[in-house]
Amino acid sequence: MILITGGCGYIGSHVNKQLNLAGWDTLVLDNLSTGHEDVARWGHFVPVDLCDAEEVLAVFEKWPIEAVIHFAAFSQVGESVRDPQKYYRNNIGGSLNLACAMQASGVKKIVFSSSGAVYGMPLESPIPETHPTKPINPYGYTKLFFEHLLASYHAAYGMDYIALRYFNAAGADADGELGEWHDPETHLIPRLLMSARMDQAVHIYGDAHRTPDGTCVRDYIHVDDLAYAHVLALERVLNSSCATVYNLSTGLGHSVRDVIKEVEEATQRQLSLVYSERRPGDPPVLVGDSAKARKELGWRTRYVLRDMIDTAWRVINM
Ligand code: UDP
């Protein structure tokens, strides 16, 4: 059985569904602080908070867990700057309880949901995994902390891990059963789609960045492509001794203006735009090099930006 912490969240729910469709038995653990219970309809579900060390240990005592995929974390960069304690307590405290429970019960295989935020300001583009890790916000630090913990646990206790550093997840599953439901929603693509639907203005955070059209460039990746990488990473971590990190990205950059154009085409609606201040801590370009995941995991992406927009738009209108 595979334990999926945070399996009621955006990426975790897509991974849980894919694993079940591929024949895996899963147990979703989620405190429902930001997740939605109705998406835990594949596999089993326990409403547990990782910050409760005793309950986490009890989960490992009760269920025959062979490996963990760890998503459960707060994930809003801006909020992590305003309220770092919330992030350190939950993302570090909760993850530490998980690691302790794994160690106590002899579970030595984990796939970790990390982030391109561990790199901080990019010194090169696309960013390879060998790029220095120097986060520029507490959220990135919490992800980097757990990567370091895993490296230490591997060296000392033989815990095998793969950390997956995501770039900008977007889109929804092709069946329309799952989607992105953040509250508040801060991400560009769902915000643009909601604006298209409600006929509301959308704020563009800066148009004088050092990029070809002045708006920030990001590497958007379809959530089902991300989910598939977890299936491959799980197989690898279960079948070998490994301690490694992979970028999950497409290597293609799209500016905010590119995304707006695609959204307008996909929705056949004209967006009303308000140009406003830059968002603090927004690097102008964030594009990842995923050659390592392609080579070592045999991972391939299937979707392009338009697919992310089309699938997300379909779910929003269901
Ligand atoms: N962005 C924007 N308006 C919004 C939300 C985002 O202009 O309402 C910009 C943001 O500044 C960034 C890009 O869109 O350059 C992607 O932002 P998102 O929050 O989706 O992802 P991030 O790269 O911050 O993780």
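Just so it is clear, none of the values below were taken in a lab; they were calculated from the coordinates. Here the structure is a predicted model, which is why all the values come from computation and not from measurement. So basically every Cβ, Gly included, is an ideal-geometry build from the backbone, and we count neighbours across all protein chains shown.
Observations on the model:
- Percent RCO, i.e. relative contact order, over the stretch 159-318, from Cα pairs under 8 Å lying at least 6 residues apart: 39 percent
- Relative contact order, percent, the stretch 1-148 [alpha-carbon distance under 8 Å, six or more residues apart]: 22 percent
- Debye, to nearest 20: dipole size of the chain, +1 on Lys, Arg Cβ, -1 on Asp, Glu Cβ: 680 debye
- Helix-only [θ]222 nm of the chain, DSSP H runs n ≥ 4, -39500 (n - 2.57) each, per residue, nearest 500: -11500 deg cm²/dmol
- Rounded if a/c under 1.5, otherwise prolate or oblate - the chain, Cα gyration tensor axes: prolate
- Cα centroid separation - the stretch 110-184 against the stretch 22-92, whole Å: 16 Å
- Reported to the nearest whole Å, the Cα centre-to-centre distance from the stretch 283-302 to the stretch 193-249 is 10.
- Relative to the current alpha-carbon distance between Arg210 and Val304, full extension at 0.36 nm per residue lengthens the span by 31.4 nm.
- For Gln268 and Gln103, the difference between the fully extended length at 0.36 nm per residue and the C-alpha to C-alpha distance is 54.1 nm.
- Order of Ser255, Ser152, Ser95 - criterion: other Cβ atoms within 10 Å of each residue's Cβ, fewest first: Ser152, Ser255, Ser95
- Rounded to the nearest 10 degrees, the angle from helix 138-157 to the longest Cα principal axis of the chain is 30 degrees.
- From most to least packed by mean Cβ count within 10 Å, the peptides 113-123, 28-38, 269-279, 219-229 give 219-229, 113-123, 28-38, 269-279.
- Modelled this way, with points 7 Å down the Cα-to-C-beta line, the labels at Tyr275 and Arg41 are 4.5 nm from one another.
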